Amino acid sequence: MEEVLSFEDLNLNTPLQNALDDLGFSKPTPIQAQAFNPVASGKDLVGIAQTGTGKTFAYMMPILRHLKYSTQDNPRVLILVPTRELVVQLVDDIEKLAAYINVRVLGVYGGTNINTQKQAVAQGQDIIVATPGRLFDLAVSHVLQLKSIQKLVIDEVDVMLDLGFRHQLLNIFDLLPERRQNIMFSATMTEDVDQLIQSFFINPQRITIAVSGTPLNNIKQQRYNVPNFHTKVNLLEYLLKSSEEFNKVLVFVAFKKMADMLFDELEERIPGETCVIHSNKTQNYRLRSIEQFESGEHRILIATDVMARGLDIDNISHVVNFDTPNYPENYMHRIGRTGRAEQEGVALTFSTENEKEALSAIESYMNMEIPIVEFPEAVKISDQLIREERPEIKERNNPTKRLTEDTPGPAFHEKKDKNKKVNLGGSYKRKISTKYKKPKTRGDKNAKRRKKR
Ligand code: AMP
């Protein structure tokens, strides 16, 4: 790919260039340079980039560059974000970038008077920035027509899915025209995000921006082979007790349930030193946990990938990957939490046999092997397995039957009413059977034939 060095290389128009000059931006950030042409070309795009990389302008510059002046009422660009704070911030950013462009931008979010927003929508808009719930309410009330949307941007999609907005997103997709450009930004890849892309994106181009300002050589990476959850707990307990150097330890786990399980174990073994955050905890609980960790009151913080996002905590001595992340980008984000500001940080990864594949994905992404540390003899190896680690029990003689908990749930999203109909056979037959309370056919021809004989 040709290297983009300046905004001139992006062939921006004068109004955009003037706005960037006013903002004092001299050159595009890496994500801006890489995303410009794909977004401008109308292709579906998935960008893996954190806040702070300039991702908002990465999609807004090409969108504004090609959005034609219009007086039509229905919006043509829809941007979805998980929180109202982000709506406000985004509208503000877009207005700055569009300072010299005649474009109508409106932010809508829940928790405020919907009627005021309805009036604003009715005045006609070009770009709507919204949280999913409020957008859906406005759309079903028919004030907001989504049939003219040409570009859909979903920002911070991993947070959105983690906060449980999946159904709302799918409901919104149902109201959008099928022919549209999908643009998505996420700081991390998760199974949920991947599933969403597979289902709704058409051959998307992917762009990944590594965590900025994280020189890998500032971080000492090491890994342990560990057979299972309980042994991982034993190892973590041993390490935490073995050295005073473990003074600010951020422990990453894959699931909320595992975060809670690990928290309970550590509370029992080293009481009063651990706090935990994940999206099922209340806002107050999360804030308290972060405060306790930041102030040094508690030296261990257990977090899921998504929840650790907004954290900007200095002097983290160790990042522990209690599980090996499935996506290399997440590994990079996790370890980037330590080793900041020229200080050396340590990143430890625990991997089981089942996590070997994820590990080699990470190693090939970094183009290096993570040095392995010998498992300490003093640590007890447990043979007890948690439910997730036990082999699937198959019914004898029926190896294909699934366990109830593995049975897929209802369809990925709620079917439209017209698709819920069940094929009951010919309508004539049904009419007759309701009328005569029993199925009527034109008689049993074979019976007649048998009589004749
Ligand atoms: P974002 O990742 O979109 O939240 O942007 C992070 C910050 O970088 C925002 O405050 C932007 O105003 C700023 N920013 C965006 N693009 C540039 C650029 N090309 N040069 C310098 N700062 C930028």
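The values are calculated or read from the model by the stated rules, or taken from the named source; none is laboratory data. Just so you know, these numbers come straight off a predicted model, no measurement behind them. Quick reminder, even Gly has a Cβ in these numbers, built from the backbone with ideal geometry, and neighbours come from all protein chains shown. For the accessible areas, the whole protein counts, side chains as well, though only heavy atoms, and no ligand, DNA or RNA atoms are used. Shrake-Rupley method; radii C 1.70, N 1.55, O 1.52, S 1.80 Å.
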Cα-based shape type of the stretch 7-208, given that a ≥ b ≥ c are square roots of the gyration tensor eigenvalues and the cut on a/c is 1.5: oblate
Share of carbon and sulfur in the accessible heavy-atom surface of the stretch 7-208 [1.4 Å probe, %]: 46
Share of carbon and sulfur in the accessible heavy-atom surface of the stretch 219-386 [1.4 Å probe, %]: 45
Cα gyration tensor shape for the stretch 156-290, rounded if a/c is under 1.5, else prolate or oblate: prolate
By average C-beta atoms within 10 angstrom, highest first, the peptides 367-374, 247-254: 247-254, 367-374
Mean accessible surface per residue for the stretch 219-386, computed with a 1.4 Å probe while every protein chain stays in place, in Å²: 46
Aspartates and glutamates with Cα under 17 Å of LYS356, excluding same-chain neighbours fewer than 8 positions away: ASP323, GLU329, GLU369, GLU374, GLU388, GLU389
Mean Cα-pair separation over length for the stretch 219-386, i.e. relative contact order, pairs under 8 Å, 6 or more apart, %: 37
Cα-based shape type of the stretch 219-386, given that a ≥ b ≥ c are square roots of the gyration tensor eigenvalues and the cut on a/c is 1.5: rounded
Aspartates and glutamates whose Cα lies under 16 Å from that of LYS68, excluding same-chain neighbours fewer than 8 positions away: ASP126
Part-to-part distance (alpha-carbon centres) for the stretch 247-263 and the stretch 10-43, which is given in Å: 40
Distance in nm between pseudo-label sites at HIS66 and THR116 (7 Å out along the Cβ direction from Cα): 3.6
Net charge of Cβ neighbours under 15 Å - reference ILE372; Lys, Arg +1; Asp, Glu -1: -2
Computed over the stretch 7-208: relative contact order in percent, which uses C-alpha pairs under 8 Å that are six or more apart: 29
The stretch 7-208, accessible area per residue, ligands and nucleic acids excluded (1.4 Å, Å²): 43
